[in-house]
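Colleague: Take this structure first; my questions come after.
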Amino acid sequence: MMSLLLDGLIVVALVGLAIQAITGQSLFRGIINFIVFGLTMALAWARIGAPDLAMAEAAIGAGLTGALMMVAYRRLVADEDGHVPTPPRQKSRLAIPIAVGSGLLVGVIGLGALLSDNPPGEAGQLVLETLPEYGLGNAITGVLLLFRGLDTLLEIAVLFTALLAARAVAGTGDSSATARTRHPETPLIGALLAVVIPLTILVAVHLLRAGTYETGGAFQAGAVLAAAGVLLVLSGRVSRTPSAGPLVRLGVLAGLSAFILVGLAPLLYGEALLTLPGMWSIYLIETAMMVSIAVTLILLFADAGGLRRERRG
Amino acid sequence: MSLQDALALIFLLAGCAFYLAGTVGLLRFPDVFCRLHALTKADNVGLGLVCVGLAILNGQPRVASMLLLIWLVGLLAATVSAHLIARHAHEREAPQDQELPRR
């Protein structure tokens, strides 16, 4: 009874926040509603027993996307000379058909899931049976690396492509319009960073290691690490440069290249592509992917080609 | 209901009461500084009481120490962000009503 009530509350909150986010009077309120929507979505994932998804949703969906929207909003206000932009009043003619179509699609899928009284779940069963051979305890990491290795490899490639595309369309406008505060900074920022940055790195490494046997993995760890980077960029500890230095390039390419090299290696011994030779290869790929995901997300956030440590007097 | 459960319930309810009071203050108070004042009560005491309640409910020292860490990090984040917001509002010298959406 109590849990049903809680689930109902989450569903109502989700729908309400979604409507608020797209129909709000001001862009700023829309952004805030979107962030809260992401956090509520994370709660919903946690409620239906998917902690991996909940963590990714909270870190990427609410945290990083929210911060990205805030920066976009700030730049919009700066471009309009301090005039706060309002969303256009008239709605697209396609809005209602798309909404009805999406609703029908979700309804049909949900109905299908409800009607099939016992989903076969053969792939999941197969994974759970095979995992002990590899010493893996987390079925999701198992699926991502052992069974859907090509999908995961392509996901990293998509992230890399997204960064290239963002760099290609990035304006050459003056780079001083960053998300930095113009006031002299307070000592509190330094204290915050001194505590939060080491803690964030600790959490990221824990998530990476935990990914092999419980909730966690490269994507969550990368997102957490990226959050630390965003904090460093926002507080001016790290500044943007138009082009990447060797270290940043290495970071961006590490995941993709490590995955490709380890994946190609089995061909030399006449085995199938992407057959992972053991636990060490999983740790290697996951670590490289974490670094790449973090660096790519920071670069996307900062709208920068590269990053440089700011020397402070 | 054991003594442990009852104690945890008291702490959790007290924490929720602080959150409720903080939220009401956030919605009803006139300017930025008053609103921050209301929020800090919810953030600091409310979160602390909820963490204490959960630690009692769970009973393991390991979980209790993690909850303590969560509370400390929450305190730090709330303090710094409240300070930054207050500073910004102070520098704009416009803590007036029209700067904020009224409910």
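The values are calculated or read from the model by the stated rules, or taken from the named source; none is laboratory data. Not measured: the values here are computed from a predicted model. Ideal geometry is used to build each Cβ from the backbone, glycine not excepted, and the neighbour counts take in all protein chains shown. The protein model used for the area step is the full one, side chains on, heavy atoms only, and it has no ligands, DNA or RNA in it. Shrake-Rupley method; radii C 1.70, N 1.55, O 1.52, S 1.80 Å.
Colleague: For the stretch A:31-43, give me each residue that is open to solvent by less than 60 Å² (accessible area, probe 1.4 Å) and farther than 18 Å from A:Gly8 by Cα.
Modeller: A:Ile31, A:Asn33, A:Ile35
Colleague: Tally time: how many residues in the stretch A:271-313 are more than 15 Å from A:Leu159 (Cβ to Cβ), of a type in the set (Ser, Thr, Tyr) and touching a residue at least 40 places away in the same chain (Cβ under 8 Å)?
Modeller: 2
Colleague: Let me ask another. Could you look through the stretch B:37-57, keep only residues that are touching a Leu at 6+ places or on another chain (Cβ under 9 Å) and at pLDDT below 90, and pick out the one that is farthest from the other protein chains (Cβ to nearest Cβ)?
Modeller: Kept after step one, since they are touching a Leu at 6+ places or on another chain (Cβ under 9 Å), are these residues of the stretch B:37-57: B:38-39, B:42-44, B:46-57.
Within this subset, residues satisfying the condition of being at pLDDT below 90 are B:38-39, B:42-44.
Details: B:Ala38: 18, B:Leu39: 15, B:Ala42: 16, B:Asp43: 15, B:Asn44: 16 Å.
Checked the stretch B:37-57; the qualifying residue farthest from the other protein chains (Cβ to nearest Cβ) is B:Ala38.
Colleague: Suppose we keep only residues that are farther than 14 Å from B:Asp43 by Cα and within 11 Å of another protein chain (Cβ to nearest Cβ) within the stretch B:58-84. Which one would you say is surrounded by the most Cβ atoms within 10 Å (Cβ to Cβ)?
Modeller: B:Leu84
Colleague: Before we move on, is A:Ala272 within 20 Å of the chain's Cα centre (by Cα) and either surrounded by fewer than 18 Cβ atoms within 10 Å (Cβ to Cβ) or more than 18 Å from A:Phe147 (Cα to Cα) (or both)?
Modeller: Working: within 20 Å of the chain's Cα centre (by Cα): no; either surrounded by fewer than 18 Cβ atoms within 10 Å (Cβ to Cβ) or more than 18 Å from A:Phe147 (Cα to Cα) (or both): yes.
It is false that A:Ala272 is within 20 Å of the chain's Cα centre (by Cα) and either surrounded by fewer than 18 Cβ atoms within 10 Å (Cβ to Cβ) or more than 18 Å from A:Phe147 (Cα to Cα) (or both).
Colleague: Only one of A:Ala62, A:Ala99 is within 30 Å of A:Val203 (Cβ to Cβ) and not assigned by TED's automatic domain parsing to the domain that holds A:Ala302; which? Lay out the reasoning, then the answer.
Modeller: Numbers: A:Ala99 fails: within 30 Å of A:Val203 (Cβ to Cβ).
The unique qualifying residue is A:Ala62.
Colleague: Here's another thing I want to ask about it. Could you give me the residue pairs with C-beta distances under 6 Å whose first residue belongs to the stretch B:65-91 and is more than 20 Å from B:Asp31 (Cβ to Cβ), whose second residue is at pLDDT below 85 and open to solvent by 50 Å² or more (accessible area, probe 1.4 Å) wherever it lies, and which are 6+ apart or on separate chains?
Modeller: Listed by first residue and then by second, the contacts come to B:Val80/A:Leu188.
Colleague: Restricted to the stretch A:1-30, and to residues that are open to solvent by less than 70 Å² (accessible area, probe 1.4 Å) and within 14 Å of chain B (Cβ to nearest Cβ), which residue is nearest to A:Ala72 (Cα to Cα)?
Modeller: Restricting attention to the stretch A:1-30, the residues satisfying the condition of being open to solvent by less than 70 Å² (accessible area, probe 1.4 Å) are A:3, A:7-8, A:10, A:13-14, A:16-18, A:21, A:24, A:26-27, A:30.
Right, trim to within 14 Å of chain B (Cβ to nearest Cβ) and you get A:24, A:26-27, A:30.
Working: A:Gly24: 17, A:Ser26: 14, A:Leu27: 11, A:Gly30: 13 Å.
The selected residue is A:Leu27.
Colleague: Still on this structure: Can you name every residue in the stretch A:282-295 that is buried (at least 19 other Cβ atoms within 10 Å of the Cβ) and over 23 Å from A:Leu64 (Cβ atoms)?
Modeller: A:Ile282
Colleague: A further question follows. Residue by residue through the stretch A:236-283, note down the ones that are within 17 Å of A:Leu297 (Cα to Cα) and polar (S, T, N, Q).
Modeller: A:Ser239, A:Thr241, A:Ser243 - these are the residues of the stretch A:236-283 that are within 17 Å of A:Leu297 (Cα to Cα) and polar (S, T, N, Q).
Colleague: Still on this structure, I have one more. Step by step: first the residues of the stretch A:44-69, then only those that are at pLDDT 85 or above and either in contact with a strand residue (DSSP E or B) (Cβ under 8 Å, 6 or more places away or on another chain) or surrounded by fewer than 16 Cβ atoms within 10 Å (Cβ to Cβ) (or both), then the one that is nearest to A:Leu9 (Cα to Cα). Which residue is that?
Modeller: A:Arg47
Colleague: So if I check each of A:Ala221, A:Ala210, which one is at pLDDT below 85, open to solvent by less than 50 Å² (accessible area, probe 1.4 Å) and of a type outside the set (Lys, Arg)? Let's see the steps before the verdict.
Modeller: Numbers: A:Ala221 fails: at pLDDT below 85.
Going through A:Ala221, A:Ala210 in turn, just one is at pLDDT below 85, open to solvent by less than 50 Å² (accessible area, probe 1.4 Å) and of a type outside the set (Lys, Arg): A:Ala210.
Colleague: Which numbered condition in (1) open to solvent by 50 Å² or more (accessible area, probe 1.4 Å); (2) farther than 27 Å from B:Ala6 by Cβ is the only one that B:Thr23 fails?
Modeller: Condition not satisfied by B:Thr23: (2).
Colleague: Looking at A:Val224, A:Val203, A:Val230, which one is part of a helix (DSSP H, G or I), within 12 Å of chain B (Cβ to nearest Cβ) and not charged (D, E, K, R)? Even if it seems obvious, please write down each step before you answer.
Modeller: Numbers: A:Val224 fails: within 12 Å of chain B (Cβ to nearest Cβ); A:Val230 fails: within 12 Å of chain B (Cβ to nearest Cβ).
Within the list A:Val224, A:Val203, A:Val230, the selection yields A:Val203.
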